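Structure record follows, encoded as structure tokens.
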Amino acid sequence: MSTRTAAPTRREQILKQAARLFAERGFHGVGVDEIGAAVGISGPGLYRHFAGKDAMLAELLVGISGRLLDGGRKRVRGAAQGDPAAVLASLIDGHIDFALDDRPLITLHDRELDRLRESDRKLVRQLQRQYVELWVEVVRELYPGVPEAQARGAVHAVFGLLNSTPHLGSYGGGPAGREATEALLRRLAHGAFASLGGDGASHTTGRWRAGD
């Protein structure tokens with residue numbers, strides 16, 4: 001069975017380069033011609049795929065919110081049944097992958113969300129709320145005595161931590177540097193949730209324990 005990943009479509013290529021350029025120079029600092037040049041087509045050729053820059057931005061921000069939610073739901077279904085610690089560990093790993101692989105989208109969300117039309121902005125917020133509640137449910141299953149508001153606050157705090165990756169700079173050392181960054185983020189995220197249990201370690205998985 002082949003394990004090769006399908007080549008990105010032209011539409012996906014356009015979105016990837018648009019995200020990079022918008023994050024580097026701001027939405028209004030990038031022209032359609034520049035996005036087209038980045039993928040090897042003329043600016044007007046982009047209009048066969050998107051109505052304009054606004055449509056690209058909307059698809060980027062709505063799209064990533066939907067993918068995070070879908071991915072989170074799959075991780076909840078796929079993790080060991082009856083083991084909320086394993087489910088939470090899987091959710092953390094998935095969000096770390098997003099935070100390291102899609103840093104331009106984090107920057108775009110922080111800077112450009114208000115540029116979306118109201119209906120798209122509401123959809124992003126709706127998807128994000130569902131993603132948060134998915135995590136809150138798992139956290140409260142792991143720590144049943146923790147009030148809902150406290151669990152939700154911990155989830156938002158961990159998201160703030162993991163979504164700070166655009167400010168980390170480039171991790172050096174190739175794959176080893178990436179692995180070190182992943183391990184650091186994982187340790188910090190697990191530590192933040194473990195503090196809800198009061199002992200810093202009793203509900204962690206084998207990936208991390210206090211004092212490691």
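The values are calculated or read from the model by the stated rules, or taken from the named source; none is laboratory data. Predicted model only: the values in this text are computed from it and were never measured. Glycine gets a Cβ as well: all are built from the backbone with ideal geometry, and neighbour counts include every protein chain shown. What goes into the accessible areas is simple: the full protein's heavy atoms, side chains included, and nothing from ligands, DNA or RNA. Shrake-Rupley method; radii C 1.70, N 1.55, O 1.52, S 1.80 Å.
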Worksheet item: Which condition does ALA37 not pass, out of (1) farther than 24 Å from HIS95 by Cα; (2) not in a helix (DSSP H, G or I), if it passes all the others?
Response: (2)
Worksheet entry | Of all residues making up segment 3-25, the number that are open to solvent by 80 Å² or more (accessible area, probe 1.4 Å) and either modelled with pLDDT under 90 or more than 15 Å from ASP102 (Cβ to Cβ) (or both) | 8
Discussion item. Tell me which helices (runs of 4 or more DSSP H) are completely within segment 58-160 and hold 3 or more residues being open to solvent by 70 Å² or more (accessible area, probe 1.4 Å) and more than 22 Å from GLY191 (Cβ to Cβ), or say none if there are none.
Written reply: 118-142
Practice prompt. Output the qualifying pairs, or none if there are none: Cβ atoms under 6 angstrom, residues six or more apart or on different chains, first residue in segment 136-154 and of a type outside the set (Lys, Arg) and at pLDDT 95 or above, second residue open to solvent by less than 80 Å² (accessible area, probe 1.4 Å) and part of a loop (DSSP other than H, G, I, E, B).
Written response: LEU142/HIS203
Worksheet, complete the sentence: Of the listed residues (LEU61, LEU46, LEU69), the one being on the phi < 0 side of the Ramachandran plot and touching a His at 6+ places or on another chain (Cβ under 8 Å) is LEU61
Worksheet item: Do you know which residues across segment 94-135 are of a type in the set (Val, Ile, Thr) and free of Cβ contacts under 8 Å to residues at least 60 places away in the same chain?
Response: VAL132
